[in-house]
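Heads up, the thing below is written out as structure tokens.
The values are calculated or read from the model by the stated rules, or taken from the named source; none is laboratory data. Everything quoted here is computed from the prediction, not taken from an experiment. Virtual Cβ from ideal backbone geometry, glycine too; neighbours counted across all protein chains shown.
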Amino acid sequence: MTPNPIKKVGVVGCGLMGHGIVQVAAQGGCQVVAVETEQKFLDSGLGRIDKSLAKLAEKAIEKGKPADAAKADAAAVRARISGSLDKQALADCDLVIEAIVENLDVKKALFAELGRICKPATILASNTSSFPIGEMGAASGRPDRMVGLHFFNPVQLMKLVEVVRTDKTAPEAFAAARAFGEACGKVPVACKDTPGFVVNRLLVPYMVQAIEMLDRGDASKEDIDAAMQFGCGYPMGPLTLTDYVGLDTTLFILDGWVKRYPNEPAFRVPKSLREKVAAGKLGRKTGEGYYKWEGDKKA
């Protein structure tokens, strides 16, 4: 494993993804400061971390680790985490990761601010799944220190992190970001700043093909999902996956790609996807998408 030169990490946003990034960075041995806009959001994120660390301690005890040692390990991780409502707390961080709303203008404004606040050596990273890293790097005023660090949800469990470099990213900044991913216990994969990076570039068009098959009446949703689940060994079929991801999230990604890359034939929006989103049928989270749901299970 490459030595991790990053000792202090800042995470902007302590929500669904951000709190997990804070936790794994602290588990990797870094001092971490989580920054939020309001105290209630910060308290919620830190509360999620407390619950997650308690569960880890319980599992360690179940596997035979002495209770005192397991609880001490969890406490040590938690002691490396602090919270703030002031972005100035990020000034001396070696790495700052953005994990805020998926809105490019909002992200660019944040990186412009971080470019003014952080020390010159700070590496800036975005957890975005679909926006160009280069545009955020340009907004920061330090494109050579900009990378993508795309974690997957739930961050504490998913082993992958995509480490994205632009044509302006300095080699040492990229190497440090990759070493940080390893220190967090992840498998880092390197990729260029292209639409969707690796996972979503392959996954979203696959989901589109499945939806279009259903729209044409080529096969039922159940048979499409069963074919991929049992024929290819996938844990779930593409239409179930779309419901899990959220139809609105899938549409948001596709609309952005279609606008930015109008000549790419793989980037298109299936008719039924747009119709279901317009009707408020967003998948698992609303109880209906391509399937009907009762909580986390298909009805």
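Summary table below
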{"quantity": "Qualifying residue in the stretch 189-197 (condition: closer than 30 Å to residue 299 by Cβ and not acidic (Asp, Glu))", "calculated": "no"}
{"quantity": "Filter result for residue 285 (farther than 22 Å from residue 220 by Cβ, assigned by TED's automatic domain parsing to the domain that holds residue 210, in a helix (DSSP H, G or I) and of a type outside the set (Asp, Glu))", "calculated": "yes"}
{"quantity": "Given (1) surrounded by fewer than 19 Cβ atoms within 10 Å (Cβ to Cβ); (2) hydrophobic (A, V, I, L, M, F, W, C); (3) over 17 Å from residue 32 (Cα atoms), number of the condition residue 139 does not satisfy", "calculated": "(1)"}
{"quantity": "Some residue of the stretch 176-193 being more than 17 Å from residue 4 (Cα to Cα) and crowded, with 20+ Cβ neighbours inside 10 Å", "calculated": "yes"}
{"quantity": "Answer from 155, 208, 204 - the residue that is assigned by TED's automatic domain parsing to the domain that holds residue 244, buried (at least 21 other Cβ atoms within 10 Å of the Cβ) and not in a strand (DSSP E or B)", "calculated": "204"}
{"quantity": "Single residue of the stretch 78-95 satisfying the filter (over 22 Å from the mean Cα position of the chain (by Cα) and touching a residue at least 60 places away in the same chain (Cβ under 8 Å)) that is surrounded by the most Cβ atoms within 10 Å (Cβ to Cβ)", "calculated": "89"}
{"quantity": "Qualifying residue in the stretch 93-103 (condition: at pLDDT below 95, acidic (Asp, Glu) and either under 23 Å from residue 131 (Cα atoms) or not assigned by TED's automatic domain parsing to the domain that holds residue 150 (or both))", "calculated": "yes"}
{"quantity": "Verdict on residue 198 being under 20 Å from residue 265 (Cα atoms) and touching a residue at least 24 places away in the same chain (Cβ under 8 Å)", "calculated": "yes"}
{"quantity": "Filter result (touching a residue at least 24 places away in the same chain (Cβ under 8 Å) and of a type in the set (Asp, Glu)) within the stretch 44-77", "calculated": "50"}
{"quantity": "Residues that are polar (S, T, N, Q) and either touching a strand residue (DSSP E or B) at 6+ places or on another chain (Cβ under 6 Å) or closer than 10 Å to residue 11 by Cα (or both), drawn from the stretch 84-104", "calculated": "84"}
{"quantity": "Filtered residue count, the stretch 158-201, keeping only those that are hydrophobic (A, V, I, L, M, F, W, C), part of a loop (DSSP other than H, G, I, E, B) and on the phi < 0 side of the Ramachandran plot", "calculated": "4"}
{"quantity": "Filtered residues of the stretch 244-282 (kept if within 20 Å of residue 101 (Cα to Cα), outside any helix (DSSP H, G or I) and either touching a residue at least 60 places away in the same chain (Cβ under 8 Å) or of a type in the set (Lys, Arg) (or both))", "calculated": "none"}
{"quantity": "Single match in 71, 65 (criterion: farther than 21 Å from residue 145 by Cα, assigned to a helix (DSSP H, G or I) and more than 20 Å from the chain's Cα centre (by Cα))", "calculated": "71"}
{"quantity": "Checklist (1) within 21 Å of the chain's Cα centre (by Cα); (2) in a loop (DSSP other than H, G, I, E, B); (3) surrounded by fewer than 14 Cβ atoms within 10 Å (Cβ to Cβ); (4) modelled with pLDDT of 95 or more applied to residue 119, failing item", "calculated": "(1)"}
